[in-house]
């Protein structure tokens, strides 16, 4: 499935009138939780305010269509915790 993650840069998040959000696309077998995405965005060295991260399943286009439109899709590896 394609995951769409939107967020605001730290400087934009402090200005309540700015609604500009950045978007990253990920491919994953499950919908990740917020702490996982915060770690992923941090590992990618993205400038973001943690409290602005929104995660949803992208249903308009598949991976092939997004890539053909020039979007980058990052493979997300969600760690499996032992039970």
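Per the listing 18, 31, the residue uniquely surrounded by 11 or more Cβ atoms within 10 Å (Cβ to Cβ), part of a loop (DSSP other than H, G, I, E, B) and in contact with a strand residue (DSSP E or B) (Cβ under 7 Å, 6 or more places away or on another chain) is 31. Among the residues that make up the stretch 55-65, is at least one of them part of a strand (DSSP E or B) and exposed (fewer than 15 other Cβ atoms within 10 Å of the Cβ)? Yes, the stretch 55-65 contains at least one residue that is part of a strand (DSSP E or B) and exposed (fewer than 15 other Cβ atoms within 10 Å of the Cβ).
On the basis of being under 13 Å from residue 10 (Cβ atoms), part of a loop (DSSP other than H, G, I, E, B) and in contact (Cβ under 8 Å) with a residue 24 or more places away in the chain, does residue 48 make the cut? So residue 48 fits the description; yes. For residue 5, the criteria (1) at pLDDT below 95; (2) closer than 12 Å to residue 74 by Cβ; (3) in contact with a helix residue (DSSP H, G or I) (Cβ under 6 Å, 6 or more places away or on another chain) hold in every case but one, which is (1).
The values are calculated or read from the model by the stated rules, or taken from the named source; none is laboratory data. Bear in mind that the values here come from a model prediction, so they are computed numbers and not experimental data. Cβ: placed from backbone, ideal geometry, glycine included. Neighbour counts: every protein chain shown.
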